[in-house]
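Accompanying notes for the structure given below.
Please treat every number below as a calculation from the coordinates, not as lab data. Keep in mind that this is a model prediction, so the values were computed, not measured. Every residue, glycine as well, gets a Cβ built from its backbone with ideal geometry; the counts of neighbours run over all protein chains shown.
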Amino acid sequence: MDYFAALTAFVEAAEGNNFSRAAERLGIKASTVSRYVKDLEQDLGIALFNRSTRTLHLTEGGQTFLMHARRVLDELEHAKAATSALNQQPRGLLKLNLPPAFARHHILPALNDFRVRYPQISVELVLDNAQVNLIHAGVDLAIRIGALADSTLKARKLSDGQYFVVASAAFAMQYPPPSTPTDLAGLPAVVGTTSSAITFVNGDLALPLMHATCIRINDLDAQLIAARQGLGFALLPDWLVARSIDAGELVVWLPQWRVRDVERAFAVWFVYPPKRIVSSKVRCFIDFIVERLGQAPDWK
């Protein structure tokens, strides 16, 4: 017996309550549907239908078997779709929700190569620090920075995060380099508008971040520019400041100190709606960015 064909015939007959309608939908003879059902009943040792002259009614065993048969056929369809998707050229609109600063520094420079590799994918970028509802907004994929809240969304970590205390070379000449975080207390700072308590750790030592007069800016790129211009020291993520440090535009203060719990709290994640099969356009973009940035990104 062709079990797949028999299951398909049984499900069609159960949903239509009729062998003839099932046969029409499948393009086979009604007698073939009847034979498949009879073979299943013989194999299972139980009646699946109570038959009358006009219609079919599932038995209790038939109802149980229908539930599992549908699941088997659904799984097979998903397996076929997942496998065939590997051979299909990714195409369509890919809508991305990205943090503005991360997008400018790490996604936009890669987009041209991505478009060359996948010419049938068009890309829409929504740059926003707010964590929008991906499903309601129709977003295929987001990059989020920070500890993820519990949700039904799927996530893949791109990198852990690390923060550096940085200052421009001119600022570092004007003020002596600090030995501990308490030495920052009297210095101008460039900080965000949503400040929270920050604690530095070095071995068993734990000290809070303190600063004097400061400039508050709600944009990371603007904080970076302000720090490079010598307006104050800043506490900024590695993915934002690594190139400025390598270029000598910024120096790192307190390199032996780390911000407590920052690796987990400021990790970089891909986040996407939960689907049984991830679309090829989403999968290829994630793989491309991981390939581009590397398993250990250059800012590390």
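Summing +1 for each Lys or Arg and -1 for each Asp or Glu, what net charge is found among the other residues whose Cβ lies under 13 Å from the Cβ of Pro119?
In short, +3.
Expressed per residue, the C-alpha convex hull volume of segment 13-56 stands at 65 Å³.
Mind listing the long-range amide H neighbours of Lys95? Cut-off is under 5 Å, sequence gap 5 or more, other chains count too, H placed in the peptide plane at 1.01 Å from N. When sequence neighbours closer than 5 places are left aside, the close amide H contacts are Glu124, Asp140, Leu141.
Span-like helix check, the chain: qualifying full DSSP H segments, with Cα axial length of 18 Å or more and mean Kyte-Doolittle of 0.5 or more, are 3-16, 280-293.
Close amide H pairs (under 5 Å, H built 1.01 Å from N) link Leu250 with Ile245, residues at least 5 positions away or on another chain. In this structure, the amide hydrogen of Phe49, modeled 1.01 Å from its nitrogen in the peptide plane, lies closer than 5 angstrom to those of Thr59, counting only residues at least 5 positions away or on a different chain. The alpha carbons of segment 3-85 give a radius of gyration and a Dmax of 13.0, 45 Å, in that order. One way to sum up the overall shape of the chain is the equivalent ellipsoid from its Cα gyration tensor, whose semi-axes run 62, 20, 15 Å, largest first. Taken about its Cα centre, segment 163-261 carries a charge dipole of roughly 120 debye when the Cβ of each Lys and Arg holds +1 and the Cβ of each Asp and Glu holds -1.
Taking the DSSP beta bridges with both ends in segment 163-261, the antiparallel portion is around 75 percent. Look at the Cα gyration tensor of segment 186-249: its axes a ≥ b ≥ c give a/c of at least 1.5 with a/b at or below b/c, and that counts as oblate.
Mean sequence separation of contacting Cα pairs (under 8 Å, at least six apart), scaled by the length of the chain, corresponds to a relative contact order of 20 percent. Return a single number: how many Lys pairs in the chain, at a sequence separation of 8 or more or on separate chains, have alpha-carbon atoms below 29 angstrom apart. Total qualifying Lys-Lys pairs in the chain comes to 20. Is any residue of segment 109-152 close enough, with backbone N under 16 Å, to a label point placed 7 angstrom from the Cα of Glu291 along the Cα-Cβ axis, and if so, which? Counting backbone N atoms under 16 Å from the label point, the list is 110-121.
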